[in-house]
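**Q** Before we start, here is the structure in question, set down as structure tokens.
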Amino acid sequence: MTEAPLAAPRPIDKGRLATGRLAQTDDSLERAYPDIGDLAARLRFAFRDGRIWFDNQRVALVHLSTLESLRRELIDTLGAGEARGFLTRMGYSSGARDATLARKLRPNHALRDAFLVGPQLRLLQGVVSMEPVRLEIDVAAGHFLGEFVWPESFEVDSHLSTYGPSSAPVCWMQIGYACGYASTFLGRPVLFKEMECRASGAPHCRALGKPIEQWDDIDADLAALQPAPFANRFTARRRTTGPAAARETVVLDDLVGVSAGFVGACHLLTKVADTDATVLFLGETGVGKERFAHTLHRIGRRADKPFVAVNCAAIPDNLIESELFGVEKGAFTGALASRAGRFERAHGGTLFLDEVGALSLPAQVKLLRALQSREIERVGDRQTRHVDIRLVAATNLDLDRAVARGEFRDDLLFRLNIFPIRIPPLRERRDDIPLLLDHFLHTFATLHRREVTGFTETAIQALYDYDYPGNIRELENLIERAVILSDGRGAPIDLCHLQTMGRPIAQAAPREPLAAERADAPAAAGKPMVERLLETGLSIEAFEDELMDAAVNRAGGNLARAARMLGLTRPQLAYRLKRKGNPVAEAESGGSTPN
Ligand code: ZN
């Protein structure tokens with residue numbers, strides 16, 4: 001597919017660009033892009049299933065007029081500021097996704113051509129025709145300079161037709177896309193700023209992108225990428241302290257991210273912060289529940305009062321009462337002095353009970369009593385003390401199931417589960433990886449006095465491919481170890497520095513494929529999928545077994561439905577399964593599962 005209509009960028013009207021920095025002829029412009037055929041060939045229509053695939057991700061055709069109404073409604077209901085943030089982050093997420101494809105789609109190309117996958121995908125998607133004016137990339141040195149112009153954008157058209165000319169640039173989604181794309185490609189935060197916009201009377205829109213710390217005067221641009229004032233504060237701090245990492249303050253409890261899951265959690269945090277409501281953080285180990293709890297305290301009404309954290313799993317059962325409520329001198333052997341417990345120490349402030357699901361049943365009773373009465377008694381003391389605390393708890397357990405198993409009291413769960421906030425695992429917020437990489441790299445380089453420029457391309461790729469069962473904490477530990485292992489004299493972190501659980505990350509289990517990368521893809525994705533299968537070394541027979549198992553599972557054991565997925569008749573599938581001694585076939589052919 002070399003001469004498809006999409007094979008070259010649309011020629012640019014020279015007159016329109018006369019005042020731009022673009023001093024190239026149309027010929028050289030067309031040469032600026034590699035042939036788009038390799039990307040266009042990845043777009044496949046599976047009409048029968050009602051699906052469109054780009055590579056192994058599903059896409060959908062949406063009318064531009066629908067996007068325009070969405071944009072209008074957002075501005076009218078949220079106001080321009082919030083709408084800008086929303087659309088910028090939406091674009092960011094889309095750009096981040098495309099960047100993870102870029103190197104895969106052009107693995108053996110020069111870095112510049114691999115980078116141009118992004119602007120070329122925008123062409124292919126029919127969104128915008130971006131033309132590169134300047135493009136300098138050095139991943140390992142962390143250097144990036146990109147300048148792009150575009151003559152038209154639906155955002156400009158929509159803005160002009162509804163609101164008339166604008167005093168400020170309006171290509172928010174487009175800028176978000178560029179930020180997300182370049183940040184993910186480079187593995188560090190890159191900010192694009194729209195220097196001129198057609199909505200403000202310029203002949204075209206022009207954006208400049210460079211690493212975030214090299215910018216001045218970008219508060220409004222950063223705010224659009226900041227889901228809440230308490231998130232991503234590190235970027236502002238770094239700019240005020242200058243590029244010299246040694247002068248930075250090390251702050252480990254920052255919340256960092258821009259992905260939809262992260263933004264959702266931040267939104268809930270903002271809503272509940274200025275109340276005294278009990279908050280329960282839910283999520284896997286290592287997702288950062290304690291950081292969220294600390295931030296909740298920091299932005300709430302009790303910020304100037306104590307924040308006291310208790311890890312319920314770390315305190316032996318026989319000590320939990322004295323730890324929580326305190327102890328009076330002489331209460332038991334060894335109680336040589338009276339001392340206040342965590343409840344008393346948190347008076348006026350916040351008490352954070354981490355791993356609350358680990359409390360024994362007797363401890364749960366005592367906690368419940370204290371929460372109901374807001375009064376405690378120290379062990380060995382008859383005096384009742386009133387405590388004023390905001391309770392925040394966290395758990396990685398499914399407390400409903402713990403209640404069903406009789407391991408957690410339902411009345412305590414009701415007390416805790418007033419305002420639950422789920423923190424998504426890192427694999428559900430991959431868009432945040434570049435920001436997190438940069439944050440941890442600078443934090444630990446400062447802490448350990450190492451000079452590290454960034455990551456090599458192979459290191460970045462491995463960090464994106466990994467599944468992070470230990471979530472953000474695992475990523476954080478990984479980067480801290482890598483910073484210590486690096487030569488510390490200005491070289492980037494390489495693959496050999498990235499070790500998890502004592503193994504190099506590249507050899508660790510590859511990540512679970514995304515749903516879109518799994519079973520739906522073969523018909524649509526065609527050759528690349530077959531090539532990937534060949535690389536796994538699976539025999540035809542083993543592949544057939546896996547395929548049938550997957551279809552049967554997906555059909556919930558319904559053989560007729562599974563057979564349809566495989567293009568077989570039901571008896572054919574049942575026969576094949578039975579031949580392999582598959583119990584599903586036996587059970588189903590016995591008539592126990594309805595068709
Ligand atoms: Zn614009």
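**Q** Out of residues 5 or more away from GLU196 or on other chains, whose amide H comes under 5 Å of its own, with H placed 1.01 Å from N in the peptide plane?
**A** ARG206
**Q** Taking θ = phi - 60°, what integer Hz values does the Karplus form 6.51 cos²θ - 1.76 cosθ + 1.60 yield along the range 480-497, in sequence order, with x for Gly and Pro?
**A** With coefficients 6.51, -1.76 and 1.60, one gets 4, 4, 5, 5, 5, 6, 5, 6, x, 10, x, 8, x, 6, 10, 3, 5, 7 Hz.
**Q** Taking all protein chains as present, what is the carbon and sulfur share of the accessible area of the range 254-335, in % to the nearest whole number, probe 1.4 Å?
**A** Working: 1860 of 3410 Å².
Percent of accessible area from carbon and sulfur atoms in the range 254-335: 55.
**Q** Next up: Write down the accessible area per residue of the range 260-423 in Å², having rolled a 1.4 Å probe over the full set of protein chains.
**A** 47 Å²
**Q** Same structure again: How would you classify the range 14-225 from its alpha-carbon gyration tensor, with a ≥ b ≥ c the square roots of the eigenvalues: rounded for a/c under 1.5, else prolate if a/b is greater than b/c, otherwise oblate?
**A** In terms of gyration-tensor shape, rounded.
**Q** Which cross-chain or sequence-distant (5 or more) residues have an amide H under 5 Å from the amide H of GLY454, H modelled 1.01 Å from N in plane?
**A** ILE493
**Q** Quick one: which of LYS210/LYS289; LYS104/LYS210; LYS289/LYS366; LYS305/LYS329 span more than 29 angstrom between C-alpha atoms?
**A** LYS210/LYS289, as the Cα separations exceed 29 Å there.
**Q** Using amide H atoms built in the peptide plane, which far-off residues or other-chain residues are under 5 Å from THR500 H to H?
**A** HN-HN under 5 Å from THR500: ILE505.
**Q** Would you mind getting the accessible area per residue of the range 108-204, heavy atoms of the protein chains only, 1.4 Å probe, in Å²? Walk me through the numbers on the way to the answer.
**A** Working: 2830 Å² over 97 residues.
Per-residue accessible area for the range 108-204 comes out at 29 Å².
**Q** Continuing with the same structure: Alpha carbon centre of the range 438-500 versus the range 280-320: separation in Å?
**A** When both Cα centres are located, 27 Å separates them.
**Q** Can you give me the orientation-averaged projected area of the convex hull built on the Cα atoms of the range 260-423, in nm²?
**A** Details: hull surface 38.2 nm².
Result: 9.5 nm².
**Q** In sequence order, what are the phi-derived ³J(HN,Hα) couplings for the range 296-308 according to the Karplus relation 6.51 cos²θ - 1.76 cosθ + 1.60 with θ = phi - 60°, rounded to whole Hz, with x for glycine and proline?
**A** The phi angles translate into 4, 5, 5, 9, x, 6, 9, 3, 8, 9, x, 10, 10 Hz.
**Q** Here's a follow-up. Out of the range 96-185, which GluC sites (Glu not before Pro) are coil in DSSP terms and have no more than 16 other C-beta atoms within 10 Å?
**A** GLU152
**Q** Further question on the same structure: Which ³J(HN,Hα) values, rounded to whole Hz and listed in residue order, are derived for the range 332-342 from phi using the Karplus coefficients 6.51, -1.76 and 1.60 in 6.51 cos²θ - 1.76 cosθ + 1.60 with θ = phi - 60°, glycine and proline given as x?
**A** Values per residue, Gly and Pro as x: 8, 4, x, 7, 7, 9, 6, 8, 7, x, 5 Hz.
**Q** A follow-up question, please. Any idea what the dipole of the range 260-423 comes to, in debye rounded to 20, about its Cα centre with Lys/Arg Cβ at +1 and Asp/Glu Cβ at -1?
**A** 380 debye
**Q** Based on the mean of other beta carbon atoms within 10 Å per residue, what is the order of 470-478, 156-164, most packed first? Before the final figure, lay out the partial values.
**A** Values: 470-478: 20.1, 156-164: 16.0.
Result, highest mean Cβ count within 10 Å first: 470-478, 156-164.
The values are calculated or read from the model by the stated rules, or taken from the named source; none is laboratory data. Here the structure is a predicted model, which is why all the values come from computation and not from measurement. All Cβ positions, glycine included, derive from the backbone under ideal geometry; neighbour counts span all protein chains shown. Only protein heavy atoms, including side chains, enter the accessible area calculation; ligands, DNA and RNA are left aside. Shrake-Rupley method; radii C 1.70, N 1.55, O 1.52, S 1.80 Å.
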